[in-house]
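Structure first, then comments.
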Amino acid sequence: MKLLYLGLSFCSLTLLDFYLKVNIRGIGEGSLNLQVLALFFVLGGGLVLWRAGLSRLILVRRSILLLACFFAYFTVRIGFDTGSVEEIKAYLIATTGGVFLFYLLGTMVSISIDQHQKYSLRSYDYFKFFAFFLLLYSCFTYTLLLSIFFDFTAKLRSDIFLIKGLNEGYQRSGDFLVIGYLILISLYVQFYSLKQIKNSIFFRGVNIIVFTLLVINALTSMVIAQMMGSNKAVVLLAGLVLILTSVSLLLQVSRIQRYLAIRQLTFYRFISGKIAVSLFTLIVILFFFLVLFVIVSAGYIGVDLAMTRLAGFGSHEISSVTSRLTLLDNFILHFSYSPVFGNMQVDCLTTGCGTYVHSFVGSSLTHTGIVGFFLLLGYFFLAYKERFETITVSYGHPKFLLSNILNLYSVLFISAVLLIAIVGTFISWSVLWFSMGLYLNAVKFKEVYE
């Protein structure tokens, strides 16, 4: 039955990844293959029910209560301000940026992945099958990515590094690129943390292959994102692969491993300790190596980096940054329109539709007011605290090290996404809501043997 769960879990993730890749390829064509997404929900929902059936206790986090209040307030706000059921659907469950839909997707993926840890700790054979399935999944998702790369290469314009006939749908495709990569690195993190406990030549070999594929996947995704003109996706993908590589290198230091095996990693210990300093140093060093690699590679294959959107297509300015800075001027006017409760159409009522502040913090204040902003602020405060929950096993127990490693990766990943959201996205950014479901767990399942 455990191997059946493993197979069904990877089958559901394959369906989701296929849906994401089809919609990346079909940029600007609307939501394609919705039946595949529906199949994921059916299979993923069945796996959630399976886990619930095995549990003697299901704990709901306190933070989810604040988030539920925000969802309720957000729904009422949309309905009151727009008077449209279609707008409620668009903001909550649309594949273009429905906050509830993507939060639910992230939560279902998180629940599915989390069970592999429990089964792998109890069974060496299960972990071997998990490693094998991870290897197959990594190859499958990169094969789909390569097909998109070659398809887009054939559509490139001759004057600038951008595909022909591009419309406004590129941001959605860029978001789907990032979501697909988040799923992949989350699976790898589960494997990598378990490998610290159950190590062998086979697992070391799988680790090298999968990690290499992850780096290549990130680089290929960054190129595809530039072909679509999504600077946001490029920056976030670069940040994620830098974090992944830095933490993996840091965990090779025996002193760090010993520390994580005997000390519970709290948020305060993380931001004020040597781990944060070491990580920051590694990320900076690796960033310069990444920039150097991109410059050398572009020169070797004959790509003019000045003609990419990241370089402003030769205009010597980053248009996505300058436009966001310009829109910041609208914040005071938008916020003062209804500071307490906000208004979901404040940009249309004041400076023109689409002229909202491109910032998660700014748009939450202007569109949902102080009420909505503090509900979200309270949620993040509690959710971060709960992520570093008290570990109930004794120091030196294998699960102690595993939990610390998972917490470290998860907080860094969600923080990277949140940072991009704060400086450059609207409140309904799908990547952020997916990451909230994926890394800030809503529920905890306690099984009979725990």
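Before moving on, here are some points about what is shown:
- Taken together, the criteria exclude Gln264 from residues that are touching a residue at least 40 places away in the same chain (Cβ under 8 Å), over 26 Å from Phe400 (Cβ atoms) and either polar (S, T, N, Q) or part of a loop (DSSP other than H, G, I, E, B) (or both).
- Every pair of residues 6+ apart whose Cβ atoms lie under 7 Å, when the first sits in the stretch 414-442 and is farther than 21 Å from Leu244 by Cβ while the second is outside any helix (DSSP H, G or I) and aromatic (Phe, Trp, Tyr): Phe426/Tyr356
- Residue check for Leu333: in a helix (DSSP H, G or I), crowded, with 19+ Cβ neighbours inside 10 Å and not small (Gly, Ala, Ser): no
- Matching residues in the stretch 26-40 - criterion: being crowded, with 18+ Cβ neighbours inside 10 Å and either in contact with an Asp or Glu (Cβ under 6 Å, 6 or more places away or on another chain) or not aliphatic (A, V, I, L, M) (or both): Phe40
- Taking the criterion of being touching a residue at least 12 places away in the same chain (Cβ under 8 Å) and at positive phi, the only residue of the stretch 325-366 that qualifies is Gly342.
- Matching option when the condition is in contact (Cβ under 8 Å) with a residue 24 or more places away in the chain, surrounded by fewer than 12 Cβ atoms within 10 Å (Cβ to Cβ) and not small (Gly, Ala, Ser), among Ile78, Ile64, Ile58: Ile58
- Considering (1) of a type outside the set (Phe, Trp, Tyr); (2) under 30 Å from Ala306 (Cβ atoms); (3) in contact with a Leu (Cβ under 6 Å, 6 or more places away or on another chain), the lone condition that Ser120 does not fulfil carries the number (2).
- Breaking point among (1) at pLDDT below 95; (2) touching a Phe, Trp or Tyr at 6+ places or on another chain (Cβ under 9 Å); (3) among the β-branched types (Val, Ile, Thr), for Val36: (1)
Conditions tested, residue by residue: (1) more than 19 Å from Leu214 (Cβ to Cβ); (2) in contact with a Ser or Thr (Cβ under 8 Å, 6 or more places away or on another chain).
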position: Glu87; (1), (2): yes, no
position: Ile93; (1), (2): yes, no
position: Asp114; (1), (2): yes, no
position: Ser138; (1), (2): no, no
position: Ala154; (1), (2): yes, no
position: Gln171; (1), (2): yes, yes
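- All helices (runs of 4 or more DSSP H) inside the stretch 26-109 with 3 or more residues being within 27 Å of Gly378 (Cα to Cα) and out of contact with any Pro (no Cβ under 6 Å at 6 or more places or on another chain): 62-82, 85-92
- The stretch 71-123, subset closer than 30 Å to Leu194 by Cβ and small (Gly, Ala, Ser), residue farthest from the chain's Cα centre (by Cα): Ser123
- Number of the condition not met by Leu376 [criteria: (1) over 30 Å from Thr266 (Cβ atoms); (2) crowded, with 17+ Cβ neighbours inside 10 Å; (3) out of contact with any His (no Cβ under 9 Å at 6 or more places or on another chain)]: (1)
- Considering (1) assigned to a helix (DSSP H, G or I); (2) more than 23 Å from the chain's Cα centre (by Cα), the lone condition that Ile160 does not fulfil carries the number (1).
- Conditions (1) surrounded by fewer than 19 Cβ atoms within 10 Å (Cβ to Cβ); (2) in contact with a Gly (Cβ under 8 Å, 6 or more places away or on another chain): number failed by Leu104: (1)
Here is a yes/no grid of residues against (1) at pLDDT below 90; (2) surrounded by fewer than 21 Cβ atoms within 10 Å (Cβ to Cβ):
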{"site": "Gly369", "(1), (2)": "no, no"}
{"site": "Thr392", "(1), (2)": "yes, yes"}
{"site": "Asn404", "(1), (2)": "yes, no"}
{"site": "Val431", "(1), (2)": "no, no"}
{"site": "Leu440", "(1), (2)": "no, no"}
{"site": "Val443", "(1), (2)": "yes, yes"}
{"site": "Tyr449", "(1), (2)": "yes, yes"}
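- Among (1) in contact (Cβ under 8 Å) with a residue 60 or more places away in the chain; (2) assigned to a helix (DSSP H, G or I); (3) over 27 Å from Leu219 (Cα atoms) - the single one Ser186 does not satisfy: (3)
The values are calculated or read from the model by the stated rules, or taken from the named source; none is laboratory data. Keep in mind it's a predicted model, so treat the numbers as computed, not measured. Cβ: placed from backbone, ideal geometry, glycine included. Neighbour counts: every protein chain shown.
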